[in-house]
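Undergrad: This is the structure I want to talk about, given as structure tokens.
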Amino acid sequence: MPSRKFADGEVVMGRWPGSVLYYEVQVTSYDDVSHLYTVKYKDGTELALKESDIRSQSSFKPRKSQSSSSSPSRRSSSRSRSRSPGRPAKGRRRSSSQSRERKDDKKKTIQETNIALLKPSENNTRSYNGEPDSTERNDTSSIILEEKLKPDLEMERVLEHYSLRSRKDEKKREEIYSEKKILETIKTIEKASSKTKELEFGGRIGTFMMILFLPATVFYLLSMCKQDDPSIMNFPPPLPALESLWEPRVFGLFVLWFFLQALFYLLPIGKVVEGLPLANGRRLQYRINGFYAFILTAAAIGILLYFQFELHYLYDHFMQFAVSAAAFSMGLSIYLYIRSLKAPEEELAPGGNSGYSVYDFFTGHELNPRIGSFDLKYFCELRPGLMGWVVINLAMLLAEMKIHNLSMPSLSMILVNSFQLLYVVDALWNEEAVLTTMDITHDGFGFMLAFGDLVWVPFVYSLQAFYLVGHPTAVSWPVAAAITFLNCIGYYIFRSANSQKNNFRRNPADPKLAYLKFIPTATGKGLLVTGWWGFVRHPNYLGDIIMALAWSLPCGFDHILPYFYVIYFICLLVHREARDEHHCKQKYGLAWERYCQRVPYRIFPYIY
């Protein structure tokens with residue numbers, strides 16, 4: 001049996017199937033039967049290569065040209081002969097010979113630069129047989145380099161033929177110039193390849209419509225909840241006077257709330273952790289103190305209630321608060337887009353770098369906008385909106401008691417407040433887990449996230465509590481127990497699935513997780529095929545939807561309006577699931593296809 005030449009873990013140069021280009025790869029395994037090496041490229045692509053298609057890195061080190069390796073005496077004599085006015089014909093023959101040598105050197109330089117610098121595109125779907133689209137693009141990159149350099153090199157050779165300067169100076173200047181041209185061309189190609197190719201949300205027109213449609217949807221839902229008969233048939237609802245939608249005092253209170261949460265975020269309490277590696281390999285640091293901020297917020301609200309502050313003021317001016325939050329989020333989005341125009345290329349979001357202003361404004365142009373160490377996206381993800389949701393629910397509970405002269409809140413209101421409070425506290429307690437979500441690792445911070453975090457979450461997620469103030473619904477204890485049991489099932493699936501995934505990522509060798517089976521991937525991670533992640537591909541989404549249904553059931557069945565959140569949540573998670581599928585297919589390649597065969601259902605078992 002022939003012995004293998006390359007060991008597992010060794011970094012070598014592997015030829016891309018169907019092309020002549022070699023890329024840096026790492027050997028992961030060797031099949032003694034087929035005599036094929038399984039190698040992993042830098043972008044995570046995993047291929048099987050023959051030994052003849054693999055070369056050591058030392059064979060790709062820059063080689064010295066023939067003229068450089070010759071002895072000093074020969075170089076000196078050749079230069080004197082080429083410049084001798086007494087032998088013009090022989091000098092020309094020598095110059096032609098050196099020109100051919102330089103031409104060969106340039107071709108070698110171009111070839112070695114293509115091999116060393118050009119990387120396979122991460123947006124291509126690759127297979128073992130070498131799809132023609134990816135190899136054609138790589139070969140095209142080589143042609144672009146040669147075509148861009150060819151006129152300049154030809155001109156250099158013509159000028160050099162008649163130049164009286166030393167050959168050494170000419171050669172050195174030519175090498176420097178050629179290197180600069182190659183690097184400039186490489187930068188141009190890489191900048192073009194970093195642009196967002198696939199546009200979501202309907203592209204430019206779709207994102208423009210959503211910038212208008214999302215605020216209108218929030219105002220419509222809140223207006224309907226204020227009606228005595230919030231039926232869909234009563235469309236459109238009576239529009240309030242424009243002057244009644246804005247009050248400077250309300251806007252000031254919202255800004256005060258935002259900066260109060262920013263102050264809590266900056267407090268030097270809680271641990272500091274590192275996020276996932278960025279495109280340039282750098283890791284950002286984040287302070288995990290969301291739960292402490294929640295405790296401080298609860299203490300501040302308790303002090304206000306102790307001094308007889310009327311928290312139901314939120315209910316009386318709820319629409320004005322929503323308008324203020326929308327105006328603030330729009331201003332923040334404009335600021336984020338303007339500052340992103342000066343951000344370096346490597347700090348832009350993969351999905352928000354299309355070159356179209358409206359699209360990039362909506363999805364977010366910059367990935368992690370920061371003011372010093374203050375991360376704007378991470379702060380807005382869990383702080384002002386999520387905690388504001390809990391405060392709004394509490395305000396609705398107090399408003400219900402005051403309007404209906406109740407000594408204690410209704411059972412329906414208690415259920416809604418309790419379920420959603422549990423969800424928020426869980427998110428803050430497990431704050432570190434948000435660092436691995438697509439919102440942080442992939443999406444830029446633009447209007448989509450700014451409006452979602454500051455307006456949609458607090459004012460739409462609290463829709464059930466707002467509905468119950470004007471439309472009280474009686475719930476019996478047996479029904480309340482059944483709804484509570486349903487919410488517990490959803491929460492158990494949601495939390496146990498996330499914990500199972502996080503524990504496996506943190507320490508796959510944990511003996512407590514020995515019962516879990518997984519499919520290894522080229523990235524070094526494993527795809528779980530047992531436990532919750534072997535039941536459906538996104539069990540956390542299944543738990544989310546079950547909890548959303550439990551939050552709406554206390555509102556009864558008189559109107560569909562309280563169930564808007566359930567419908568929206570299903571649409572949102574199906575969209576996110578589609579994005580996750582696309583992202584995982586690119587990231588894990590063949591391993592993801594094997595996983596999909598093992599786990600065919602995405603969210604709903606036996607349905608979808």
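The values are calculated or read from the model by the stated rules, or taken from the named source; none is laboratory data. Here the structure is a predicted model, which means the values were calculated and not measured. FYI the Cβ positions are ideal-geometry reconstructions off the backbone, even for glycines, and counts take in every protein chain you see. In case anyone asks, the SASA skips ligands and DNA or RNA and just uses the protein heavy atoms, side chains included. Shrake-Rupley method; radii C 1.70, N 1.55, O 1.52, S 1.80 Å.
Undergrad: Which of the residues spanning the stretch 544-557 are under 19 Å from LEU421 (Cα atoms) and open to solvent by 10 Å² or more (accessible area, probe 1.4 Å)?
TA: ASP544, ILE545, ILE546, LEU549, LEU553
Undergrad: So PHE504 passes all but one of these: (1) aromatic (Phe, Trp, Tyr); (2) open to solvent by 80 Å² or more (accessible area, probe 1.4 Å); (3) under 18 Å from VAL599 (Cβ atoms). Which condition number does it fail?
TA: So the condition that PHE504 fails would be (2).
Undergrad: List the helices (runs of 4 or more DSSP H) inside the stretch 317-407, counting only whole elements, that have at least 2 residues being charged (D, E, K, R).
TA: Per the criteria, 376-382, 384-403.
Undergrad: For the stretch 21-35, which positions are in contact (Cβ under 8 Å) with a residue 12 or more places away in the chain and either open to solvent by 60 Å² or more (accessible area, probe 1.4 Å) or not aliphatic (A, V, I, L, M) (or both)?
TA: TYR22, TYR23, GLU24, GLN26, THR28, SER29, TYR30, ASP31, ASP32, SER34, HIS35, listed by residue number.
Undergrad: What is the residue count in the stretch 211-256 for residues that are in a loop (DSSP other than H, G, I, E, B), within 11 Å of LEU561 (Cα to Cα) and open to solvent by less than 50 Å² (accessible area, probe 1.4 Å)?
TA: 2
Undergrad: Hey, does the stretch 559-577 have a residue that's more than 30 Å from MET233 (Cβ to Cβ), open to solvent by less than 40 Å² (accessible area, probe 1.4 Å), assigned to a helix (DSSP H, G or I) and among the acidic types (Asp, Glu)?
TA: Let us first name the residues in the stretch 559-577 that are more than 30 Å from MET233 (Cβ to Cβ), namely 576-577.
Applying the additional criterion that residues be open to solvent by less than 40 Å² (accessible area, probe 1.4 Å) yields 577.
Now drop any that are not assigned to a helix (DSSP H, G or I), which leaves 577.
This time we only want the ones that are among the acidic types (Asp, Glu), so: 577.
Yes - at least one qualifying residue is present in the stretch 559-577.
Undergrad: In addition: For the stretch 275-320, which residues satisfy the criterion of being among the hydroxyl-bearing types (Ser, Thr, Tyr), under 30 Å from ILE403 (Cα atoms) and in contact (Cβ under 8 Å) with a residue 12 or more places away in the chain?
TA: THR297, TYR313, TYR315 - these are the residues of the stretch 275-320 that are among the hydroxyl-bearing types (Ser, Thr, Tyr), under 30 Å from ILE403 (Cα atoms) and in contact (Cβ under 8 Å) with a residue 12 or more places away in the chain.
Undergrad: Give ASP439, ASP443, ASP426 a once-over and let me know the one that is in contact (Cβ under 8 Å) with a residue 24 or more places away in the chain, in a helix (DSSP H, G or I) and open to solvent by less than 20 Å² (accessible area, probe 1.4 Å).
TA: Only one candidate passes the filter, namely ASP426.
Undergrad: The conditions are (1) over 22 Å from TYR461 (Cα atoms); (2) at pLDDT 95 or above; (3) within 28 Å of the chain's Cα centre (by Cα); (4) not aliphatic (A, V, I, L, M), and PHE258 fails exactly one of them. Which is it?
TA: Result: PHE258 fails condition (1) only.
Undergrad: If you don't mind, another one. Give the residue that is most open to solvent (accessible area, probe 1.4 Å), with candidates limited to residues of the stretch 583-592 that are in a helix (DSSP H, G or I) and either touching a residue at least 24 places away in the same chain (Cβ under 8 Å) or over 17 Å from ASP43 (Cα atoms) (or both).
TA: Out of the qualifying residues, it is LYS585.
Undergrad: Considering only residues that are touching a helix residue (DSSP H, G or I) at 6+ places or on another chain (Cβ under 7 Å) and not charged (D, E, K, R), look in the stretch 220-239 and name the one that is farthest from MET448 (Cα to Cα).
TA: Per the criteria, the residue is PRO230.
Undergrad: List every residue pair whose Cβ atoms lie under 6 Å apart, where the two residues are 6 or more positions apart in sequence or sit on different chains, the first residue falls within the stretch 242-258 and is within 17 Å of LEU382 (Cα to Cα), and the second residue, located anywhere, is among the polar types (S, T, N, Q) and assigned to a helix (DSSP H, G or I).
TA: PHE254/SER324
Undergrad: In the stretch 31-51, how many are assigned to a strand (DSSP E or B) and touching an Asp or Glu at 6+ places or on another chain (Cβ under 6 Å)?
TA: Matching residues across the stretch 31-51 total 1.
Undergrad: Got a sec? Which of VAL434, VAL469 is within 27 Å of the chain's Cα centre (by Cα), assigned to a helix (DSSP H, G or I) and of a type in the set (A, V, I, L, M)?
TA: Criteria check complete, one pass: VAL434.
Undergrad: Determine, yes or no, whether TYR541 is at pLDDT below 85, open to solvent by less than 30 Å² (accessible area, probe 1.4 Å) and within 25 Å of SER418 (Cβ to Cβ).
TA: No.
Undergrad: Do the conditions hold for ARG287, that is, is it basic (Lys, Arg), open to solvent by less than 90 Å² (accessible area, probe 1.4 Å) and not in a loop (DSSP other than H, G, I, E, B)?
TA: For ARG287, the condition - basic (Lys, Arg), open to solvent by less than 90 Å² (accessible area, probe 1.4 Å) and not in a loop (DSSP other than H, G, I, E, B) - is met.
Undergrad: Which pairs do you get when a residue that is touching a residue at least 40 places away in the same chain (Cβ under 8 Å) and among the β-branched types (Val, Ile, Thr), found in the stretch 506-519, comes within reach of a residue that is assigned to a helix (DSSP H, G or I) and open to solvent by 70 Å² or more (accessible area, probe 1.4 Å), reach meaning Cβ atoms under 7 angstrom, with the pair 6+ apart or on two chains?
TA: ILE519/ARG594
Undergrad: Being touching a strand residue (DSSP E or B) at 6+ places or on another chain (Cβ under 9 Å) and under 30 Å from LEU311 (Cα atoms) narrows it down to one of GLY252, GLY290, GLY270, so name that one.
TA: On the way: GLY252 fails: touching a strand residue (DSSP E or B) at 6+ places or on another chain (Cβ under 9 Å); GLY290 fails: touching a strand residue (DSSP E or B) at 6+ places or on another chain (Cβ under 9 Å).
After ruling out the rest, the residue left standing is GLY270.
Undergrad: Residues to consider are SER412, SER418; find the one that is farther than 26 Å from HIS538 by Cα, modelled with pLDDT of 95 or more, small (Gly, Ala, Ser) and part of a helix (DSSP H, G or I).
TA: Numbers: SER418 fails: farther than 26 Å from HIS538 by Cα.
Of the residues listed, the single one that is farther than 26 Å from HIS538 by Cα, modelled with pLDDT of 95 or more, small (Gly, Ala, Ser) and part of a helix (DSSP H, G or I) is SER412.
Undergrad: Here's another thing I want to ask about it. Output the residue which, of all residues in the stretch 39-74 that are surrounded by 15 or more Cβ atoms within 10 Å (Cβ to Cβ) and at pLDDT below 80, is farthest from SER3 (Cα to Cα).
TA: Once the filter is applied, the top-ranked residue is SER67.
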